[in-house]
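What follows is one structure encoded as structure tokens, with my remarks underneath.
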Amino acid sequence: MLDLATNKVHDENRQGEAYAPFELDPNSYKKRFYIESYGCAMNFADSEVVASILNKEGFGATRNVEEADLIFLNTCSIREKAELTVRKRLTEFKKLKRARPGTLVGVLGCMAERLKSKFLEEEKLVDIVVGPDAYRTLPGLVEEAETGQKAINVLLSREETYADISPVRLNSNGISAFVSIMRGCNNMCSFCVVPFTRGRERSREAASIINECKDLFEQGYREVTLLGQNVDSYYYTSANGNEQSTAVTFAMLLESIAQISPLLRIRFSTSHPKDITDEVLHTMAKYDNICKYIHLPVQSGSTRILQMMNRTYTREWYMAKVDRIKQIMPDCSISADIITGFCTEDEQDHQDTISIMKYAQYDYSYMFFYSERPGTLAQRRYADDVPEEVKKRRLAEVIETQNRLSLESNKRDIGKVFQVLIESESKKSDQQWMGRSSQYKVFVFPKGNYDLAPGSYVNVRATDCTQGTLFGEIVD
Ligand code: 5AD
Ligand code: SF4
């Protein structure tokens, strides 16, 4: 895993962050809930929807698990390791429950969907189990659980997008926020559990997305990250009064949000290489405030493996997509997700992955070794036949390649000036700011005698770097 400690967008290793949006007035809520989130950005955004639903019912969030009446874990199933971490955490909560009878524990999200009543029946670790499309029913389920019944709802929906729910911004820096634009996934990548845990793809009503972004901007936010498992297949149609339907594509949505204000930056994640269109690339190029950064998971550089993964593109096709991005936006950074040791992967396939990384010159990557997931196409069709030590050795080589590419990419930036959005003080010194360029690179630089604050834009010349950070100075 690339060391991007501050990465917020797709760090699949983010684990167990506890959230509370504000200091609690102990008398103003009937119950307090504590929520810990695991997995992808989508899951973290869902926790904000859950917090909103619970708030409306008179429940207040707390960061202190010890004082919570309700404890929720929003879980991830993407790799076995993610599930093991959650299980360990649940046994800790079981102890806490013993000390504080009446405390309820709930499992939310992808693991709830995957394991369903197993948690309640066999393992007796939890009181409430709620899948990603059933959060509206959470207050009722809490009531059921309070009477001693086991409460479960793991129904998946073809319509639910939580469009009308204003998420409570948890643990936010007040500058950047996630905005869900779609849910579910219709791609059937053979390694992936997501289509089973998050159901069919559906797009959220465009107007509600645009309004949420406008509200965020008015509240002082300066960056929105549009989230979906496959944002490029965003497509919203609605029938208006004349029975005519209006369709909104992802490019149209991007354009509408870009027009809210030039001071509002827009990011999005995740793109599937097969779906990102020239129209989207041209829209990105047209607006300075649409960030020049594309997360374009490759997964493997071998056409044979890509085919087994059901990715629907070849090595050459992916390389041509990278060329196209660089042609339309020469300053666009690109990152990838990469899996090592997928079924039947041999050394040549592995070398193909290393060489495609070098070809694409990824600025970052999120790298994993293959973890077989029950119920997926790969688990049913193929033997998980690459030994663990080989998977891990290849992963180490991929990480080393990426480390070098990241350093080279940062070195190429030295001497250039970038517009940086300040996010916070730097962790190491209160005399320095930390922010990001449009390309999503982390900048650290002295505050100097300027009247700036988180949320300000500033031009910074890069003067030095490590693999993960650019250091610089403010230029007038
Ligand atoms: N094993 C390892 N990595 C996986 N990913 C998805 N499923 C698996 C799996 N079974 C990775 C992919 C995906 C990212 C979110 O997680 O690279 O893009
Ligand atoms: Fe997100 Fe996938 Fe993990 Fe579900 S399984 S939380 S969709 S990464």
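Here, each number is a calculation from the coordinates, and none is a lab measurement. Everything numeric here is computed off the predicted structure, so don't read it as measured data. Reconstructed Cβ throughout: ideal geometry from the backbone, glycine too, with neighbour counts over all protein chains shown.
The table below lists the values:
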item: Glu121 paired with Gln259, simple spin-label distance in nm, labels 7 Å along Cα-to-beta-carbon; result: 5.4
item: Stretchable slack from Glu400 to Lys150, in nm (0.36 nm times residue separation minus alpha-carbon distance); result: 85.2 nm
item: Antiparallel bridges, percent of DSSP beta bridges restricted to the chain (to nearest 5); result: 40
item: Across the chain: Cys residues that no other cysteine approaches within a C-beta distance under 4.7 Å; result: Cys40, Cys76, Cys110, Cys185, Cys213, Cys291, Cys332, Cys343, Cys465
item: Calculated FRET value between Asn173 and Glu143, using beta carbons and R₀ = 30 Å, to 0.05; result: 0.30
item: Protection proxy ranking of 148-154, 109-115, 294-300, 380-386 - average other beta-carbon atoms within 10 Å, highest first; result: 109-115, 294-300, 148-154, 380-386
item: Theoretical ellipticity at 222 nm over the chain - DSSP helices of four or more residues, -39500 (n - 2.57) apiece, nearest 500; result: -10000 deg cm²/dmol
item: Under 19 Å from Lys447, Cα to Cα: lysines that are on another chain or at least 8 residues apart; result: Lys416, Lys427, Lys428
item: Under 16 Å from Lys124, Cα to Cα: lysines that are on another chain or at least 8 residues apart; result: Lys88, Lys94, Lys95, Lys97, Lys116, Lys150
item: Among beta bridges that DSSP assigns inside the stretch 417-474, antiparallel share in %, nearest 5; result: 90
item: Cα gyration tensor, the chain - rounded (a/c under 1.5), prolate or oblate; result: rounded
item: For Asn171, distant residues with modelled amide H under 5 Å away; result: Ala20
item: Sorted peptide list for 387-398, 311-322, 436-447, criterion being average Cβ within 10 angstrom, highest first; result: 436-447, 311-322, 387-398
item: Prolate/oblate/rounded label for the stretch 76-137 (Cα gyration tensor, a/c 1.5); result: oblate
